[in-house]
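I am attaching a structure below and will ask some questions about it afterwards.
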Amino acid sequence: MTQMPHCPACQSSYTYEDRGLYVCPECGHEWEEQVEEAPVYKDANGNLLVDGDTVTVIKDLKVKGASGAIKQGTKVKNIKLVEGDHNIDCKIDGFGAMKLKSEFVKKG
Ligand SMILES: [Zn+2]
């Protein structure tokens, strides 16, 4: 016996399962079961990255609107991981707030 999830639309707990769908009798919402999976962010070497990590840029990265590139070897402290194509939010000295791709950095 598994516990039914609450309705994501109205938070009702009177939900039931019907042909692989969850159904909420209170608002009529139907939804598929979703396995909650936290996104995983990895650096160029496949190491797991977490918020607050320090990473090193592994190749020169051109920056739109900036005169120079972010140089290979630049250390970036206190990264914040976000969803999306550029999945690292960070601040880089001389550039300010930037978004990087995790595949172009390595941890440490
Ligand atoms: Zn509902």
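Using the Cα centre of the chain as origin and beta-carbon charges of +1 (Lys, Arg) and -1 (Asp, Glu), tell me which of Val105, Gly46, Gly65 is placed farthest towards the positive end of the dipole.
Gly65
Roughly how many debye, to the nearest 20, is the charge dipole of the chain about its Cα centre, given +1 on each Lys and Arg Cβ, -1 on each Asp and Glu Cβ, and no other charges?
About 1200 debye.
Please enumerate, by chain and number, the aspartates and glutamates with C-alpha under 17 Å from the C-alpha of Lys64, excluding those fewer than 8 residues away in the same chain.
Asp85, Asp89, Asp93
Taking 1 over the mean of 1/r across every pair of different Cα atoms in the range 54-107, what Kirkwood radius in Å do you get?
11.0
By how many nm would the segment from Val40 to Gln3 grow when fully extended, if each residue of separation counts as 0.36 nm and the alpha-carbon distance is taken off?
Between Val40 and Gln3, full extension yields an extra 10.6 nm.
Return the loop-located GluC sites (Glu not before Pro) in the range 1-92 (DSSP other than H, G, I, E, B) with at most 14 other Cβ atoms within 10 Å of their own Cβ; answer none if there are none.
Listed in order of number, the matching sites are Glu26, Glu33, Glu36, Glu37, Glu83.
A follow-up question, please. Pop the C-beta distance of Glu83 and Lys62 into the FRET formula with R0 = 30 Å and round what comes out to the nearest 0.05.
0.85
Can I ask one more? Please compute the net charge surrounding Ala69, taking Lys and Arg as +1 and Asp and Glu as -1 over other residues with Cβ under 13 Å from its Cβ.
It works out to a net charge of +3.
Return an integer: the convex hull volume of the alpha-carbon atoms of the chain, in Å³ per residue.
159
Bear in mind these aren't lab numbers, they're just calculated from the coordinates by the rules spelled out. No experiment lies behind these values; they were computed from the predicted model shown. Cβ coordinates were reconstructed from backbone atoms using ideal geometry, including for glycine residues, and neighbour counts include every protein chain displayed.
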